[in-house]
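For reference, the structure is listed below as structure tokens.
Taken together, the values in this text are just the output of simple stated rules run on the coordinates, not laboratory data. In this text the structure is predicted, and so the values were computed from the model without any measurement. In this analysis, Cβ positions are derived from the backbone assuming ideal geometry, glycine residues included, and neighbour counts consider all displayed protein chains.
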Amino acid sequence: MELQLELKSQPSTRRFLPSPAKLAVNALMLLFTASCIIPLVWIGYSSLKTQAEFANSILSLPSAPQFANYMEAIKLTNMLQLSWNSARVTILSVLGITAISFVTGYITARLDFKGKQAMIFYYLFGMLVPIHALLVPTYLLFKNFSLADQWYTLIIPYIAFNLSLPIMLVSSYVMGIPKEIEEAAAIDGLSFSGTMYRIILPIAVPVLTTVAILQFFSCWNEFSFALVLLKDESLRTVPLGMSYFKSQHSTNYPQLMAGMILSMLPVTIIYFAFSSRIISGVMSGAVKG
Amino acid sequence: MKKRSFMLGVMVAAASVLSACGNGENEEAAAESGSTITISLMHRYQESNIGKSPEDTAVLDGLQRFRADYPNVEIIEEQLQNEDYSIKAQALAAADDMPDVFIVPGSWMDNFVTNEIVLPLNGEMDKRPEWRDGYRPGTLDAGTREGQVYGIPIAAGPTHLIYYNADMFGSVGYDQFPSTWPELMDAGEKLKEKGINLFSYGDKSKGYAMSSWISALTDRINGPDWTESILNGGGAKFTDDGFVKGISMMSELAKAGYLNKDLNSVDTDTMVNYYFEGRSAAFVSGIWSAMNVVNNAPEEITSATRVAVFPGVEGGLGNPLSSSGGAGVYYSVNSGIEAGEKLDAIMTMLDYMTGADSAKLMAEVGGFPAYDPGEFDKSKLHPVAQAAYEASAAADATKIFDLWFDASIVEVLNTGIQGVMAGSSTPEQLAEETQQAYETLLNKP
């Protein structure tokens, strides 16, 4: 009887009295979490203040919530148009990136050919060149080919400049898939492209999902190309729209924050919906690679 | 093969003849029916700022009036926020693809003139003497090179005014803003005891110190001749006592703890907010901050706000009332535009956007236009905006260094002053570094 009691009480003391080291680690993690969440909470309640309230004290809570800021932000920026433009460009770019990175990643992982190393280096190099160095040449190219200022303009650089990392991810993931599966498929008479699409594609879905989600954020938030390549205001994307809240010498912070919350909504929803996929995708790529 | 290339040649020739005819006919037809002229315009004035910023309000009102009066002119307009404009305009300029009309900050003017991006406008201005002569004295200067006007100024406000809380200064025994530097330091000490900063200061974006402090302060001590001598290579040096003294006065304010400690890591928006929160008794800024105080400060702060300029300096050679100022931003025309109907339309549009009517409106809503608005209705102006306007009109405008000095010197000063204010370098060191950059510039072939 006594023995049983002891056994029962042991785990309970463990649960309630963790070691100091664990406590410290947890506290540290909590601090990190807070440092990410507090700014979001602050943006959230600040978006409900009047500008005078905000100027009076940056940290205080709103005295009476101003939902008018949201209405004003939607009206001022034509938020629906901005979101539609962003969504159209982003979704098509992400589809393009995922498709191209799958094929290229598979080929670099599985085939040996002349110039393969140079190709891989070329893609890696893409990650090293800062976007701002490329703005002027890209603009010139687009202008000379009459590609600037169209609804599809941004899709081209978004796909081109976002390929490096996805190709690396897919490539390392494919390397982790046993070759025997493909050999078996080949023996059964499946062609190279058949193997790629019918055997490997379903296995690579986790890493492709990761690629798609990561690139969704990158394209949705992109600013520099959208600024330089577009003139027509009706084509502007969400990040450009945020500038409506700034004037040369002052900024309407509560409205800007309302606009930010609205612009963050789609990406936040997507993140929460797919967060487990993102993590498992990155992990599987990492472990198998 | 020969036959094919001959055919190709014939087709190309025919196409070019036909297209040339076509163009000619189109142009004539357009002229006859008075139909569309298209002007592309890129500027940093936004509809979302109408009513908040005097410049945006006046310029866009002018544009709207022009559109109504000239329906045959189509304007393809692109409105961009200030920093976004800088990024895009520089990219377009590098690609030699500027729109027909665009904004050029004074500090870019040298570069744009040298690279023949902007059109000289003397001929066009001379056709419209009444408009040309309406600009306040000196406002065309920073847009003029070797006698040729390349830019039409918009606003001309001083970049140095002091907005101060009269109640706070009253509570430490000053009925008005201190009239000498020792008095100012004394007020700073008394305010510090109450836990209030004398000035809030925000130089995160580099350039604030130069435009709102250094240009005015150096002029108080050295007088305008020193600045001219620097610009002409006439022997003045940055290591001269006057310049070092001006920088020292700024660093003493920081050292004594009269400014906010985070002075290099907050921007001017935050600096103004500190004043609104009552954490400082004053801030130094341009006339553009007047409407910010009127629109956004809590009521008790707005009603206590008055406007002043730096006090005179004992033994100083400059006018103690002067303020750094003048026009800083210009509308320029693409050098590819030829004289004719289109250029006429552009000049008329610029008259609408910056000339008499627009200037009057800008003054009425609290701005300081480059074009002299003459008499205007001051009844609607808030007392703070009116005080800022009057201080501006009374002040001698002295040159803003960042518009006039070479970019290499501006860069050294903008970066160096942060070190001095943070206490990591001395005014003497900054003066020495600036002088070195200046000498390098002078020795350039």
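For the range A:102-199, what is the charge dipole size about the Cα centre, in debye to the nearest 20, if Lys and Arg each add +1 at the Cβ and Asp and Glu each add -1 at the Cβ? Please list the in-between numbers first.
Numbers: 6 positive and 6 negative charges, 53 e Å.
Once rounded to the nearest 20, the dipole reads 260 debye.
Put +1 on the Cβ of every Lys and Arg and -1 on every Asp and Glu Cβ in the range B:173-279; which of B:Y174, B:L217, B:F199 then has its Cα farthest towards the positive end of the dipole?
Checked the options; the winner is B:F199.
Taking the Cα centre of the protein assembly as shown as origin, work out the dipole magnitude from +1 charges on Lys and Arg Cβ and -1 charges on Asp and Glu Cβ, in debye rounded to 20.
Numbers: 49 positive and 76 negative charges, 715 e Å.
The dipole magnitude comes to about 3440 debye.
At a Förster distance of 41 Å, what's the computed FRET efficiency of A:N78 paired with B:T114, Cβ-Cβ distance as r, to 0.05? Display every interim value, and only then the final one.
Values: r = 40 Å, r/R0 = 0.97.
With a Förster radius of 41 Å, E is 0.55.
Considering every residue in B:70-78, what mean count of other chain Cβ atoms within 10 Å of its Cβ is obtained?
Details: counts 0, 0, 0, 0, 0, 0, 2, 2, 4.
Partner-chain Cβ atoms within 10 Å, mean over residues of B:70-78: 1.
What 222 nm value per residue comes from the helices of chain B, counting each DSSP H run with n ≥ 4 as -39,500 (n - 2.57) and dividing by all residues, nearest 500 deg cm²/dmol? All intermediate terms of the calculation are to be shown ahead of the outcome.
Numbers: 20 runs with 223 residues, N = 445.
Result for chain B: -15000 deg cm²/dmol, rounded to the nearest 500.
Can you list the DSSP H helices in chain A whose Cα atoms extend at least 15 Å along the helix axis and whose mean Kyte-Doolittle hydropathy is -1.0 or higher?
Details: long enough: A:2-16 (21 Å, -1.11); A:20-46 (37 Å, 1.47); A:79-110 (45 Å, 0.97); A:116-128 (19 Å, 0.99); A:131-144 (19 Å, 1.02); A:164-175 (17 Å, 1.58); A:205-221 (24 Å, 1.35); A:253-288 (46 Å, 1.15).
Once both thresholds are applied, what remains is A:20-46, A:79-110, A:116-128, A:131-144, A:164-175, A:205-221, A:253-288.
Among A:I131, A:V238, A:I37, which residue has its Cα furthest toward the positive end of the charge dipole of chain A, with +1 on Lys/Arg Cβ and -1 on Asp/Glu Cβ?
Selected residue: A:I37.
Treating the Cα atoms of the range A:157-220 as identical point scatterers in vacuum, please give the log10 of the normalised Debye intensity I(q)/I(0) at q = 0.13, 0.27 Å⁻¹, two decimals.
Treating every Cα as an identical point scatterer, log10 I(q)/I(0) equals -0.43, -1.12.
Among the aspartates and glutamates, select those whose C-alpha is under 20 Å from the C-alpha of B:K192, and discard any that sit fewer than 8 residues away in the same chain.
B:D167, B:D175, B:E183, B:E252, B:D262, B:E277
May I ask what percent, to the nearest 5, of DSSP beta bridges between residues of chain B are antiparallel? Each step should come with its number before you reach the end.
Numbers: 20 of 36 bridges.
The answer is about 55 percent antiparallel.
Where in the range A:96-160 are there trypsin sites (Lys or Arg not before Pro) that are in a DSSP coil and have at most 16 other Cβ atoms within 10 angstrom of their Cβ? Could you put the intermediate results ahead of the total?
Values: sites: A:R110, A:K114, A:K116, A:K143; in loops: A:K114.
The qualifying sites are A:K114.
In chain B, which longest range has no GluC sites (Glu not before Pro) that are both DSSP loop (not H, G, I, E or B) and surrounded by at most 12 other Cβ atoms within 10 Å? Write down the numbers at each step before the final one.
Values: sites that count: B:E116, B:E146, B:E314, B:E338, B:E375.
No qualifying site falls inside B:147-313, the longest such stretch.
For peptide B:258-270, what's the mean number of Cβ atoms from other chains within 10 Å of each residue's Cβ? Don't skip to the answer; put the middle values down first.
Numbers: counts 0, 0, 0, 0, 0, 0, 0, 0, 0, 1, 2, 6, 1.
The mean count of partner-chain Cβ atoms within 10 Å per residue comes to 1.
Measure nothing fancy, just the Cα-based angle from helix B:2-33's long axis to the longest principal axis of chain B, in degrees from 0 to 90, nearest 10.
Relative to chain B, helix B:2-33 is tipped by roughly 60 degrees.
Given just the C-alpha atoms of the range B:261-310, how large is their convex hull per residue in cubic angstrom? Provide the component values of the computation, followed by the final result.
Numbers: hull volume 4.3 nm³, N = 50.
Taking the convex hull of the Cα positions in the range B:261-310, it is 86 Å³ per residue.
Roughly how many debye, to the nearest 20, is the charge dipole of the range B:322-423 about its Cα centre, given +1 on each Lys and Arg Cβ, -1 on each Asp and Glu Cβ, and no other charges? Mind dumping the intermediate values first?
Values: 5 positive and 14 negative charges, 65 e Å.
Approximately 320 debye in magnitude.
Over the whole of B:282-292, what's the average partner chain Cβ count within 10 Å per residue? Rounded to a whole number, please.
On the way: counts 0, 0, 0, 1, 1, 1, 4, 2, 1, 3, 5.
For peptide B:282-292, the averaged partner shielding equals 2.
Under 5 Å between amide H atoms, partner at least 5 residues away or on a different chain: which partners does B:I76 have, H built in plane at 1.01 Å?
The answer is B:I39, B:S40, B:L41.
Taking 21 Å as the cut-off for C-alpha to C-alpha distance, list the pairs among A:K246/B:K52; B:K190/B:K261; A:K75/B:K52; A:K75/B:K378; B:K206/B:K360 that go past it.
Numbers: A:K246/B:K52 10 Å; B:K190/B:K261 18 Å; A:K75/B:K52 17 Å; A:K75/B:K378 32 Å; B:K206/B:K360 32 Å.
Flagged as over cut-off: A:K75/B:K378; B:K206/B:K360.
Note the angle between two axes, namely the Cα long axis of helix B:54-69 and the longest principal axis of the Cα atoms of chain B, as a number of degrees from 0 to 90, rounded to the nearest 10.
Tilt of helix B:54-69: around 20 degrees.
Please name which of B:T227, B:T239, B:L253 has its Cα lying farthest along the dipole of the range B:217-296 towards the positive end, using unit charges on Cβ (Lys, Arg +1; Asp, Glu -1) and the Cα centre as origin.
Sorting the options by dipole projection puts first B:L253.
Compute the signed sum of charges (Lys and Arg +1, Asp and Glu -1) over the other residues within less than 11 Å, Cβ to Cβ, of B:I221.
Numbers: positive: B:R220, B:K245; negative: B:D219, B:D240, B:D241, B:E314.
Counting the neighbours of B:I221, the net charge comes to -2.
So what is the calculated 222 nm ellipticity per residue for chain A, using -39500 (n - 2.57) for each DSSP H run with n of 4 or more, over all residues, to the nearest 500 deg cm²/dmol? Write out the running numbers ahead of the final one.
Numbers: 14 runs with 208 residues, N = 289.
Helix-only estimate at 222 nm: -23500 deg cm²/dmol.
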